[in-house]
Each structure stands twice: as C-alpha cells, then as structure tokens.
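Quick notes on the structure that follows.
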Amino acid sequence: MEADEVWRHIDEQRAALADLMETLTPEEWQTPSLCEGWRVRDVAAHLTQAQLGVVPAVVAIVRARGSFNRMIHDTAVRQARLPVEEYPGRIRAMLGSRRTAPGVSMIEPLTDALVHGQDIVRALGREHSMPAEAAATSAQRVWSMSFPFHARKRLAGFELVATDHSWRAGQGLAVEAPVADLLLLVTGRDVVLPQLDGPGAEKLRQQLAVG
C-alpha cells in the first residue's frame, strides 16, 4: 500500500474513533476493553499519544525501567486522568499529520487505530468497520516483526488464510477468517478464536488455551 493510502486510512480511522468517543456513556468509558488490564478509557487515552515526542518517550521509558510494555501501559494510564471530553479533540488534531512516535513506521499508527478501535467497540458490543486492505497491510507488518506480538512464534505450524482478501501467512494447517479477525489474532486478541474456521482452527484454539 502506498504511503498516501496508508495515511488516508489512518485519518479515516482516527476521525471515526473521535466521533465514536463523543457517543460513549460514563459506564462505557469504564468498561474493560479487549486489551487486557485496560479500560476503554485507557485505550482511548493511548490513541491520543500516537505522536509522542522523543523527549517524553525517553522520560517514559526511563520511568518504566526500560520495559516497553510497562511504558505503554503507564503512559496510557497517566493520560487517562484527563477528562474524556478532551480525547476526540486531541485525536482530530492529528488528522492530516504524518508525524509518528519515535522509532516506528507509518504502519504502526495504522495498526494502533485499527486494533485499538476494535478493542473498544467489540468490548462495548458496538461496530466499527475495518477496511480489508488496511487490515492486510497491518497484519503483514505484525507478522514480519518479532516484537512485540511474536506472532510467527505463537502461531507456528499454522497458515493464516483471509477469506475476504488475498492475504495469507505462515505454513501448516489452514486457519481461515476475515482479515480483520486475523489482524486481531496476530496481535494477541484471542476473542476471535471462536470465529476461526478451517482445518487448523480447532487445534489452534486448543493450543492457545493451553498456552
């Protein structure tokens, strides 16, 4: 996918999520999201930090004693202290910008918007569409990287096959699903396991349940 197309998808996802946030009730803000240990409020706060600068990022990683996962969690929790009414405006302020956080490609903010958007809406029983081409681009990026999701190791022995796109990855027993669900699978969202199909689906469910 060309850069202009990637950023168009990022802007569209951010704008839609900002609109969604303006409709959430106080109870929905406190609902546990699909991201373990994070409320909807924490996930939304994290999305407002997609353009975190170098100095704040360095300070945050030092405070987290070098742990990337702890840094991401802690910065989101601190940001979540802000009034939720501020989140939509902060996200809309990023529309049209191609700035990223230090050390990441343009695909990371795309993945963040796609996956964290689903962390919110699926936990709330709402719907938010994920374009197949954007999902496939993000899924390929996640699959190609070891950190932080370790998808190739965790899903070794299976071939992921999208039913609504040409994307596929891995070798072994076929596991079939829409590419949006496969993106959630490779990013560790086991909520999609019941929806998986194909010869390897049941074995994968059993393997991840044991793991």
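Things worth noting here:
- Cα-derived Rg to Rh of segment 132-210, Kirkwood definition: 0.91
- Gap separating the Cα centres of segment 183-204 and segment 106-176, nearest whole Å: 11
- Radius ratio Rg over Rh of the chain, counting only Cα atoms, Kirkwood formula for Rh: 0.96
- Net length gained if the chain between A209 and Q51 were fully extended (0.36 nm per residue, minus Cα distance): 53.3 nm
- Of the residues L124, A93, M145, the one whose Cα sits farthest towards the positive end of the charge dipole of segment 88-152 is A93 (charges of +1 on Lys and Arg Cβ, -1 on Asp and Glu Cβ, taken about the Cα centre).
- Here the simple spin-label model places points 7 Å from the Cα toward Cβ, and for V191 and S144 these points are separated by 2.8 nm.
- Table column - 3J(HN,Hα) (Hz), segment 146-155, Karplus curve with 6.51, -1.76, 1.60, x for Gly and Pro: 7, 9, x, 9, 6, 5, 5, 6, 5, 10
- Scanning residues 5 or more positions from A174 or on other chains, those with amide H under 5 Å from its amide H are E159, G200, with H placed 1.01 Å from N in the peptide plane.
- Computed over segment 132-210: relative contact order in percent, which uses C-alpha pairs under 8 Å that are six or more apart: 27
Since every read-out is calculated from the coordinates, none of them should be taken as a lab result. The shown structure was predicted, so the numbers you read here are calculated from the model rather than taken from an experiment. Cβ sites come from the backbone with ideal geometry, for glycine too, and all protein chains shown count toward neighbours.
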